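For reference, the structure is listed below as structure tokens.
The values are calculated or read from the model by the stated rules, or taken from the named source; none is laboratory data. Owing to the predicted nature of the structure, the values given are computational and were not obtained by experimental measurement. Cβ: placed from backbone, ideal geometry, glycine included. Neighbour counts: every protein chain shown.
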């Protein structure tokens, strides 16, 4: 098994085992990009709210600074109130970031709760294995990703600020309020552009992580056979069980033939046994059917127990092809079956 190539797609069972180990395809870059974009949007949307509460907090702090008691209780109360106000100021951004972070993770991997990644693994402390990971193809890809990210983000940031040189030098003539608005707008533009670039890179990274994940859980043909044997049982045992089930099913069917009213044949290939109890059935019911050797066995059992065997090629074929064992005959066959049953009843003096 060790020499076989892992060329087969992972089975559902292997995928479930990987999820329990916390092994899933996800991109941290994609989640980080979405969080960054949502954070800047939340700052922009809630800026008036946050600016107003921050101004009130600062005004309150300045007004109370001259009157606050130096006692420990007063200081504790003041710090608690200040902390709650800061939390209220940051709440919209924190909530938006938390929701988008959870949503992006759920979209990528669903809900996975596993403690196996937290279990200590001494093999990870192996310096040789660590060195091999440092010079592996995956490490090279991660380095390439980091370089591309730095270059892309640097270029976007440069282009966003390059067109603002004149305004940046003109900040000396702005009021404090104008300066805050301008810096906020510039920061928002740079942040959104950076986030969009990271989002594109994150989508590419997710595709790569998906490819790597699928590659890592591939199986050999022998592993698939072994899993099937463990999950479904030994094929030889399964075949014996199916043979026994067929034998029991055949035995029950032949017992039903003994109580049938008539067996319709074509005459060599098909045989269909019909039973009709007017008190319990709405229409005649097929209790057994078969072709070739099974048909011969049905006819043999019928003759042994005095069940009439009637040759009717068209009816036998229609019953065999359209009615399953245990089902009542369809309406379109009522007339043909009624004629056969009437013939049998006359032979047996039941009319």
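Structure notes:
- Of all residues in the stretch 6-56, those being out of contact with any helix residue (DSSP H, G or I) (no Cβ under 9 Å at 6 or more places or on another chain) and either in contact (Cβ under 8 Å) with a residue 24 or more places away in the chain or not in a helix (DSSP H, G or I) (or both) number 1.
- The criterion of being farther than 30 Å from residue 142 by Cβ, at pLDDT 90 or above and either over 27 Å from the mean Cα position of the chain (by Cα) or in a loop (DSSP other than H, G, I, E, B) (or both) does not hold for residue 79.
- Taking the stretch 306-351 as the range and being loosely packed, with under 14 Cβ neighbours inside 10 Å, touching a residue at least 40 places away in the same chain (Cβ under 8 Å) and part of a loop (DSSP other than H, G, I, E, B) as the test, the residues that pass are 326, 327, 348.
- Here residue 271 fulfils each of the conditions (1) in contact with a helix residue (DSSP H, G or I) (Cβ under 6 Å, 6 or more places away or on another chain); (2) assigned by TED's automatic domain parsing to the domain that holds residue 29; (3) farther than 29 Å from residue 16 by Cα apart from (2).
- Test: residue in the stretch 224-235 that is buried (at least 19 other Cβ atoms within 10 Å of the Cβ), over 22 Å from residue 346 (Cα atoms) and in contact (Cβ under 8 Å) with a residue 12 or more places away in the chain: no
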